[in-house]
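First up is the structure itself, then whatever we jot down about it.
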2 protein chains.
Amino acid sequence: MVKDFEQLLSESSKRMKKSAIRELLKLTNKPGLISFAGGLPSPLTFPTEQLKEISCEVLENDGPSALQYSTTEGDSDLRKILAERYAAQGLKITQDNLVIVTSSQQALDLIPKVLIDRGDKIIVGLPSYLGGLQSFHNYGAKMIGVKHDKYGMNSEKLEEELKLLHDIGEKPKFVYIIPDFQNPAGVTMPEWRRIEIIEICKKYDVLIVEDSPYRELRFEGEPQKTIYQLADDGRVLLLGTFSKVFVPGFRIGWVIGHPVVIDRIVMAKQSTDLCTSSFVQKIAARYIEKGYFDKNLQNIISLYKEKKDVMMKAFEDYLPEGVTWTNPEGGLFLFVTLPEWMDAEELFLTAVENNVAFVIGKVFHCDDSGKNTMRINFSYASKEEIVEGVKRLGKAIKDMMDKK
Amino acid sequence: MVKDFEQLLSESSKRMKKSAIRELLKLTNKPGLISFAGGLPSPLTFPTEQLKEISCEVLENDGPSALQYSTTEGDSDLRKILAERYAAQGLKITQDNLVIVTSSQQALDLIPKVLIDRGDKIIVGLPSYLGGLQSFHNYGAKMIGVKHDKYGMNSEKLEEELKLLHDIGEKPKFVYIIPDFQNPAGVTMPEWRRIEIIEICKKYDVLIVEDSPYRELRFEGEPQKTIYQLADDGRVLLLGTFSKVFVPGFRIGWVIGHPVVIDRIVMAKQSTDLCTSSFVQKIAARYIEKGYFDKNLQNIISLYKEKKDVMMKAFEDYLPEGVTWTNPEGGLFLFVTLPEWMDAEELFLTAVENNVAFVIGKVFHCDDSGKNTMRINFSYASKEEIVEGVKRLGKAIKDMMDKK
């Protein structure tokens, strides 16, 4: 090996720390433990039989191109189908506004690649999706956290931050928002709040990155228009993915935006992986065309709604006074707030002893706040496991309260 | 749209130019044109029937995990199978030395991500694979080109460059080498030259990136040991891929290296796309396990050997005096050198008028040299097209010679 390999590392690589969360999650790898930690969809929602049928059809009818390189922009059928679905919702887009990416995590890598130099500022919610924060951090972004209220990112606080920057002649490269069933907070932004945020971003001339992986998983309440549609001026990049509404194992996501920005993302993608797998893109396109996507989506929604309801009931039954939680209208996650004095990291260790796990909320906060919070996933565990897991969690919390 | 979007771009994005080659290749999109330009494998080599069988098997027996997230390191079966294949060649590795990536292009993105800061120097062959050069350029690497001779990268010239750097207290982050059937030169490095290069890199304590996508496509001559095996001290990163020996449409590649380096690549991959598609990884693992890979590889080799021989014969028959070319022992490409005074870019336009295309050699040279060279692909066109295409190419060259 070369001497002193560490010295060869790029600034970016030096910034990448072994994430504390990965180390903590290693502890959850023990038999009998019920995990609310990951973000995995339930395998019961995977359309195995339909995929057998479609895989064979695609190979039979379209083998040479399904197994060849795709264009960097993505399979033209899939782009068209996706663009049409969004257009039907009211977005003024065609397939030229859409690039297929290898998972929406890749979008969260390509966007900073195109926009971020070390030290550039961006604005993120307190809390925000960890995978986004990690990627922005790796590119050397300075993240400014804006607190949430029960409607998502607080617009007054956002304006304060933008004004502060404006006053010193700066502006952030973008504002990162997860408006629907936010990960981790489980909160959905109402239309009026979306409009407030858009108006502020227009006033300060700032781009918005709208990350929306759970949008179609709505159990209750009214669907909200995307920020992309409401802004209607090309300043929004809208991210979508099949991971939670179809299968994560295909690694297909997409970015919708102004063609000028999409073009830059395509250029960056070219040297990143040339193109996304044409095989899985063609299967996904057929899966939608055959009507399986929409039909199966209803089943996923029913299943996750049931699970969420079971969890809400179990929370009422087993979590002690002083603990509060969000009740999401969709998605995969909810957020629990413990009493101010409690440290969720300490609770995590007790919880794992009690054979239940979650993700500590601190990791979703770019300013290391949120130490008394935790993210709970309700899509993966079975209903029985949810009840038993919440019971164990309640016991762990009570034990910690008793020790105080 | 935001005002002055260009101003928001990162340094890296500003560096990414619309590649001249992409613009040239647009011209080749016309009916009747025979293209020797791309690097596409022949669709005749795609094992469509076997993949129908295996896709169904994988979904039937392993659906829940084939459609779920994989680990960032990659599917454990596939890593084990690949590591064992290399171990059988004599490499001292286990699956801990191997990470699955989403195409070897992703490896060419992750390696500079881990190692390169703007202005860092690296050494590349004159010529070298364009996708590698583009990615290194996007990370801001300063590329130092080392000329090839008929054994690949010239070791004396490599030592000269390393000594020059050493004398000013610098060293490159790595040396980038494609030792087998080099893209674009079609040259294979003999063992003694590999050893010379290794000794020099050991003397100056430099990492080696060994990019080997065509290694298993050997038509004739003796297989050479990998630089990884010959160096045997963990200073080499060895890149492999299924794109040319199985199917490109799966986007599966891998990196073999010292666990310390692999660990850094895994960390970087985590925020880049989380993991590679588990579905295609599981299919690929079964494809090897069932013995289809090795059997089919023989068919690919036979087909490409035939095509190469047809092309060699056509070159003899139709290319005018003063034009020389490499005769590769394997792979997909060969390299043509025109008389010194000729400009391959000018020839390209005439060739396209004559309905034949290639890639101009200049784009593979980090120092813009090689203007009288061109890369020719022989894997994609049919044997009839090869003869006809070379005839047209010969005519275009003669026309240009006559005009002089």
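Out of (1) of a type outside the set (D, E, K, R); (2) more than 30 Å from A:MET374 (Cβ to Cβ); (3) part of a loop (DSSP other than H, G, I, E, B); (4) away from chain B (no Cβ under 12 Å), what's the single condition that is false for A:HIS166?
So the condition that A:HIS166 fails would be (3).
Looking only at residues that are out of contact with any Gly (no Cβ under 7 Å at 6 or more places or on another chain) and of a type in the set (Ser, Thr, Tyr) in region A:189-230, which one is farthest from A:TRP254 (Cα to Cα)?
Ranking the candidates gives A:TYR204 first.
Given (1) among the hydrophobic types (A, V, I, L, M, F, W, C); (2) surrounded by fewer than 21 Cβ atoms within 10 Å (Cβ to Cβ); (3) outside any helix (DSSP H, G or I), identify the lone condition not met by A:ALA37.
A:ALA37 satisfies all of (1) among the hydrophobic types (A, V, I, L, M, F, W, C); (2) surrounded by fewer than 21 Cβ atoms within 10 Å (Cβ to Cβ); (3) outside any helix (DSSP H, G or I) except (2).
Hey, does region A:72-79 have a residue that's surrounded by fewer than 20 Cβ atoms within 10 Å (Cβ to Cβ), in a helix (DSSP H, G or I) and within 13 Å of chain B (Cβ to nearest Cβ)?
Looking only at region A:72-79, we keep the residues that are surrounded by fewer than 20 Cβ atoms within 10 Å (Cβ to Cβ), and these are A:76-77.
Going one step further and asking which of them are in a helix (DSSP H, G or I), we end up with A:76-77.
Those still in the list that are within 13 Å of chain B (Cβ to nearest Cβ) too: none.
No, region A:72-79 contains no residue that is surrounded by fewer than 20 Cβ atoms within 10 Å (Cβ to Cβ), in a helix (DSSP H, G or I) and within 13 Å of chain B (Cβ to nearest Cβ).
Quick one: would you say A:LEU44 is surrounded by 14 or more Cβ atoms within 10 Å (Cβ to Cβ) and either within 28 Å of A:ASN296 (Cα to Cα) or assigned by TED's automatic domain parsing to the domain that holds A:PHE378 (or both)?
Numbers: surrounded by 14 or more Cβ atoms within 10 Å (Cβ to Cβ): no; either within 28 Å of A:ASN296 (Cα to Cα) or assigned by TED's automatic domain parsing to the domain that holds A:PHE378 (or both): yes.
No, not satisfied.
Which of the residues belonging to region A:320-359 are surrounded by fewer than 17 Cβ atoms within 10 Å (Cβ to Cβ) and either aliphatic (A, V, I, L, M) or free of Cβ contacts under 8 Å to residues at least 24 places away in the same chain (or both)?
Passing the criteria: A:GLU321, A:THR324, A:LEU349.
Are any residues in region B:110-141 within 11 Å of chain A (Cβ to nearest Cβ), surrounded by fewer than 22 Cβ atoms within 10 Å (Cβ to Cβ) and not in a helix (DSSP H, G or I), and if so, which ones?
Matches in region B:110-141: B:ASP117, B:ARG118, B:ASP120, B:GLY140.
Output the qualifying pairs, or none if there are none: Cβ atoms under 6 angstrom, residues six or more apart or on different chains, first residue in region A:257-272 and at the interface with chain B (Cβ under 7 Å from one of its Cβ atoms), second residue of a type in the set (Gly, Ala, Ser) and surrounded by fewer than 20 Cβ atoms within 10 Å (Cβ to Cβ).
Filtered contacts from region A:257-272: A:HIS258/A:GLY234.
Does B:LYS14 satisfy being among the charged types (D, E, K, R) and in a helix (DSSP H, G or I)?
Working: among the charged types (D, E, K, R): yes; in a helix (DSSP H, G or I): yes.
So B:LYS14 fits the description; yes.
For region A:390-404, which residues satisfy the criterion of being closer than 18 Å to A:ASN327 by Cβ and among the small types (Gly, Ala, Ser)?
If we filter region A:390-404 for residues that are closer than 18 Å to A:ASN327 by Cβ, which is where we start, we get A:390, A:393-394.
Once the filter is applied, which keeps residues that are closer than 18 Å to A:ASN327 by Cβ and among the small types (Gly, Ala, Ser), region A:390-404 yields only A:GLY394.
Would you mind stating whether B:LEU67 is within 12 Å of chain A (Cβ to nearest Cβ), more than 30 Å from A:GLU49 (Cα to Cα) and touching a residue at least 40 places away in the same chain (Cβ under 8 Å)? Let's see the steps before the verdict.
Numbers: within 12 Å of chain A (Cβ to nearest Cβ): yes; more than 30 Å from A:GLU49 (Cα to Cα): no; touching a residue at least 40 places away in the same chain (Cβ under 8 Å): yes.
Taking the combined requirement at face value, the residue does not satisfy it.
Could you count how many residues in region B:262-298 are among the aliphatic types (A, V, I, L, M), assigned to a helix (DSSP H, G or I) and out of contact with any strand residue (DSSP E or B) (no Cβ under 7 Å at 6 or more places or on another chain)? Before the answer, list the steps.
Within region B:262-298, the subset among the aliphatic types (A, V, I, L, M) is B:262, B:265-268, B:274, B:280, B:283-285, B:288, B:297.
Keeping just the survivors that are assigned to a helix (DSSP H, G or I) gives B:262, B:265-268, B:280, B:283-285, B:288, B:297.
Applying the additional criterion that residues be out of contact with any strand residue (DSSP E or B) (no Cβ under 7 Å at 6 or more places or on another chain) yields B:267-268, B:280, B:283-285, B:288, B:297.
Summing the residues that are among the aliphatic types (A, V, I, L, M), assigned to a helix (DSSP H, G or I) and out of contact with any strand residue (DSSP E or B) (no Cβ under 7 Å at 6 or more places or on another chain) in region B:262-298 gives 8.
Looking at region B:7-37, which of its residues are facing another protein chain (nearest Cβ under 9 Å) and touching a helix residue (DSSP H, G or I) at 6+ places or on another chain (Cβ under 8 Å)? If you could, list the steps in order and put the result at the bottom.
We begin by selecting, within region B:7-37, every residue facing another protein chain (nearest Cβ under 9 Å); these are B:8-13, B:16-19, B:22.
Result: B:LEU8, B:LEU9, B:SER10, B:SER12, B:SER13, B:MET16, B:LYS18, B:SER19.
Would you mind telling me which numbered condition in (1) outside any loop (DSSP other than H, G, I, E, B); (2) away from chain B (no Cβ under 13 Å) A:VAL187 fails?
All conditions pass for A:VAL187, except number (1).
I need a count of the residues in region B:38-64 that are within 13 Å of B:LYS282 (Cβ to Cβ) and either among the basic types (Lys, Arg) or more than 8 Å from every other protein chain (Cβ to nearest Cβ) (or both).
Looking only at region B:38-64, we keep the residues that are within 13 Å of B:LYS282 (Cβ to Cβ), and these are B:51, B:54-64.
In the following step, the residues that additionally are either among the basic types (Lys, Arg) or more than 8 Å from every other protein chain (Cβ to nearest Cβ) (or both) were identified as B:54, B:57-58, B:61-62.
So the count comes out to 5.
Pull up region B:277-311, narrow it to residues that are within 14 Å of chain A (Cβ to nearest Cβ) and polar (S, T, N, Q), then point me to the one that is nearest to A:ASP273 (Cα to Cα).
So, considering only residues that are within 14 Å of chain A (Cβ to nearest Cβ) and polar (S, T, N, Q), the one nearest to A:ASP273 (Cα to Cα) is B:SER277.
Looking at this structure, is B:ILE144 surrounded by 24 or more Cβ atoms within 10 Å (Cβ to Cβ), within 21 Å of the chain's Cα centre (by Cα), aliphatic (A, V, I, L, M) and modelled with pLDDT of 95 or more?
In short, no.
Take the residues of region B:323-359 that are outside any helix (DSSP H, G or I) and of a type in the set (Asp, Glu): which is nearest to B:GLU23 (Cα to Cα)? Give the derivation first.
Restricting attention to region B:323-359, the residues satisfying the condition of being outside any helix (DSSP H, G or I) are B:323-343, B:354-359.
Pick out the ones that are also of a type in the set (Asp, Glu) and you get B:329, B:340, B:343.
Values: B:GLU329: 31, B:GLU340: 25, B:ASP343: 17 Å.
My answer is B:ASP343.
Here are A:ALA344, A:ALA357, A:ALA396: which of them is in contact with a strand residue (DSSP E or B) (Cβ under 6 Å, 6 or more places away or on another chain), over 29 Å from A:VAL175 (Cβ atoms) and not assigned by TED's automatic domain parsing to the domain that holds A:GLY152?
Values: A:ALA344 fails: over 29 Å from A:VAL175 (Cβ atoms); A:ALA396 fails: in contact with a strand residue (DSSP E or B) (Cβ under 6 Å, 6 or more places away or on another chain).
After ruling out the rest, the residue left standing is A:ALA357.
State which residue is farthest from the other protein chains (Cβ to nearest Cβ) when the search covers only region A:215-243 and only residues that are of a type in the set (D, E, K, R) and in contact with a helix residue (DSSP H, G or I) (Cβ under 8 Å, 6 or more places away or on another chain). Before the answer, list the steps.
Narrowing region A:215-243 to residues of a type in the set (D, E, K, R): A:215-216, A:218, A:220, A:222, A:225, A:232-233, A:235.
Of the ones still in play, those that are also in contact with a helix residue (DSSP H, G or I) (Cβ under 8 Å, 6 or more places away or on another chain) are A:216, A:218, A:220, A:225, A:233, A:235.
Working: A:GLU216: 18, A:ARG218: 23, A:GLU220: 27, A:LYS225: 19, A:ASP233: 6, A:ARG235: 5 Å.
Only one residue tops the list, namely A:GLU220.
Return the residues of region A:87-109 that are more than 9 Å from chain B (Cβ to nearest Cβ) and assigned to a helix (DSSP H, G or I); say none if nothing qualifies. Steps first, answer last, please.
First pass over region A:87-109, keeping only residues more than 9 Å from chain B (Cβ to nearest Cβ): A:87-100, A:104, A:107.
Of everything in region A:87-109, those that are more than 9 Å from chain B (Cβ to nearest Cβ) and assigned to a helix (DSSP H, G or I) turn out to be A:ALA87, A:ALA88, A:GLN89, A:GLN95, A:ASP96, A:ASN97, A:SER104, A:ALA107.
Within region A:169-184, count every residue that is among the aliphatic types (A, V, I, L, M) and assigned to a strand (DSSP E or B). Walk me through how you get there before you give the answer.
Taking region A:169-184 first, the residues among the aliphatic types (A, V, I, L, M) are A:175, A:177-178.
Now restrict to residues that are assigned to a strand (DSSP E or B): A:175, A:177.
So the count comes out to 2.
The values are calculated or read from the model by the stated rules, or taken from the named source; none is laboratory data. None of the values given here were measured: they were computed from a predicted structure. Methodologically, a virtual Cβ is constructed for each residue, glycine included, from the backbone with ideal geometry; neighbour enumeration extends over all protein chains shown.
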